[in-house]
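> Before we start, here is the structure in question, set down as structure tokens.
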Amino acid sequence: MKLFSHMRGLGLFLLALSMTGCGTPQHNISREEANAKIHTELAAQYYDRGQLGVALEEVSLALRFKSDYAPAYNVRGLVRMALHEDQQADEDFQHSLRLDSTDSDTHNNYGWFLCKRGKEPDSIKHFMAALKNPLYSTPGKAYLNAGLCSMNTGNMKSAEEFLEKALMVQPNMPEALLGLANLYFAKADYAGAKSYFMIFKKNNVSPLTAENLWLAVRIERKLGDRIAENNYAMQLRKNFPDARETQLMLYKQ
């Protein structure tokens, strides 16, 4: 059961780098490692902005200072993933983990890469490896990714457990709430789907996307609330007239 088509727009959150925690404290490292750290953090920032070419240049500078700096390979893996250079991305993630097998951010990012490339069982292993590190500052991300990846394979029981754990460590995480709304819709619990969607809507700071609105339309349609359905449908037509979700809505009316 493929549900990722309803959950686009999570990528930047799912691949969050937490690069500020890379390496050891600055006063305990060499000048070469300090420079590698600076350029890797710059590369991560350029990656987040979608400036992939500049990000690769910064990674190259980082590796010139320290050729075995594990976080640099992690970031280059993300950039190459975005460029669909899958073999090189896979090699970078693996190399990063050979240099530092305990790095939770790399395990999380490599897990997401494997999940998006259809290797879900392998991806779960990396999300769990990320969570084994008691110093991992953002375990909610790994639980979230494990939940979304499990949902993509149709394993709804595991998906629900992972998403609930994400909410336990990070209450009201919008992405986990949206994941549960999609999950409950998929298993035809429309009241549950609406409950999670409303909490998501309350805690989501960004405007609703076309995917969000289309889910809301379908939930209200199943529940028979024509007023709420028409309200979401109007927003979808007005804000995203050319979106795939708008065309689906008009086709299925």
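Values quoted throughout were computed directly from the atomic coordinates according to the rules given, and no laboratory measurement underlies them. Predicted model only: the values in this text are computed from it and were never measured. When we count neighbours, we look across all protein chains shown, and the Cβ atoms used for this are built from the backbone with ideal geometry, even at glycine.
> I'd like the FRET efficiency for THR102 and MET198, computed as 1/(1 + (r/R0)^6) with the beta carbon distance as r and R0 of 51 Å, rounded to 0.05.
Calculated transfer efficiency: 0.85.
> Once you charge only the Cβ atoms, +1 for Lys and Arg and -1 for Asp and Glu, what is the size of the charge dipole of the range 17-100 about its Cα centre, to the nearest 20 debye?
With only Lys, Arg, Asp and Glu charged at Cβ, the dipole is about 240 debye.
> Only four residue types carry charge here, +1 at the Cβ of Lys and Arg and -1 at the Cβ of Asp and Glu. Report the dipole size of the chain about the Cα centre in Debye, rounded to the nearest 20.
Using only the charged Cβ atoms, the result is roughly 880 debye.
> Computed FRET efficiency, Cβ-Cβ of LYS157 and GLN94, R0 35 Å: what is it to the nearest 0.05? Walk me through the numbers before you get to the answer.
Working: r = 30 Å, r/R0 = 0.87.
For R0 = 35 Å, the calculated efficiency reads 0.70.
> Dipole of the range 173-253, Cα-centred, from +1 at each Lys and Arg C-beta and -1 at each Asp and Glu C-beta, to the nearest 20 debye?
That gives a dipole near 160 debye.
> On full extension of the chain, what length is gained from ASP189 through ARG244, given 0.36 nm per residue of separation minus the C-alpha to C-alpha distance?
Once the chain is fully extended between ASP189 and ARG244, it gains 17.3 nm.
> Of TYR46, ASN28, ASN74, which is farthest towards the positive pole of the range 17-100's charge dipole, taken about the Cα centre with +1 and -1 on the beta-carbons of Lys, Arg and Asp, Glu respectively?
After comparing all options, I get ASN28.
> Obtain the nm distance between the two label points defined at GLU85 and LYS222 by a simple spin-label model: each point lies 7 Å from its Cα along the Cα-to-C-beta direction.
4.2 nm
> With an 8 Å Cα cut-off and a minimum separation of 6 or more residues, compute the relative contact order for the range 17-100 in percent.
Value for the range 17-100: 26 percent.
> Per residue of the range 233-240, in order, report the coupling 6.51 cos²θ - 1.76 cosθ + 1.60 (Karplus, θ = phi - 60°) as ³J(HN,Hα) in whole Hz, putting x for Gly and Pro.
For the range 233-240, the Karplus-derived couplings read 5, 5, 4, 5, 5, 6, 8, 9 Hz, x marking Gly and Pro.
> Okay, moving on. Place a point 7 Å from Cα of ARG237 in the direction of its Cβ. Which residues in the range 201-230 have their backbone N less than 20 Å from it?
Answer for this model: 208-230.
> Then there's this: Run down the lysines and flag those whose C-alpha is under 17 Å from the C-alpha of LYS194, throwing out any fewer than 8 positions away in its chain.
Straight-line reach from LYS194, under 17 Å: LYS202, LYS222.
> Also: Residue by residue, what Karplus-based ³J(HN,Hα) values in Hz, rounded to whole numbers, does the range 110-124 have, using 6.51, -1.76 and 1.60 with θ = phi - 60° and x for Gly and Pro?
Whole-Hz 3J(HN,Hα) from phi for the range 110-124: 5, x, 5, 4, 5, 5, 5, 9, x, 10, 4, x, 5, 5, 4.
> Okay, next question. Specify whether the C-alpha gyration tensor of the range 81-189 places it in the rounded, prolate or oblate class, a ≥ b ≥ c being the square roots of the eigenvalues: rounded for a/c under 1.5, otherwise prolate if a/b is larger than b/c and oblate if not.
Values: a/c = 2.38, a/b = 1.47, b/c = 1.62.
Because a/c hits 1.5 or more and a/b fails to exceed b/c, the range 81-189 counts as oblate.
> Quote to one decimal, in nm, the extra length available between ASP48 and ILE29 on full extension: 0.36 nm per residue of separation minus the C-alpha distance between them.
So the extension gain works out to 4.2 nm.
> Right, next: With each run of n ≥ 4 DSSP H residues scored as -39500 (n - 2.57), what mean residue ellipticity at 222 nm is computed for the chain after dividing by its residue count and rounding to the nearest 500 deg cm²/dmol?
Working: 14 runs with 180 residues, N = 253.
Mean residue ellipticity, 222 nm, calculated: -22500 deg cm²/dmol.
> Another question, then. Please name which of LEU177, ALA166, SER60 has its Cα lying farthest along the dipole of the chain towards the positive end, using unit charges on Cβ (Lys, Arg +1; Asp, Glu -1) and the Cα centre as origin.
LEU177
> Something else about it: What list of ³J(HN,Hα) values in whole Hz, one per residue of the range 193-198 in order, does the Karplus curve 6.51 cos²θ - 1.76 cosθ + 1.60 (θ = phi - 60°) give from phi, with Gly and Pro shown as x?
3J(HN,Hα) across the range 193-198, in whole Hz: 4, 5, 4, 5, 5, 5.
> By the gyration tensor of its Cα atoms, with a ≥ b ≥ c the square roots of the eigenvalues, what is the shape of the range 48-123: rounded for a/c under 1.5, prolate for a/b over b/c, or oblate?
Taking the square roots of the gyration eigenvalues as a ≥ b ≥ c, the range 48-123 is oblate.
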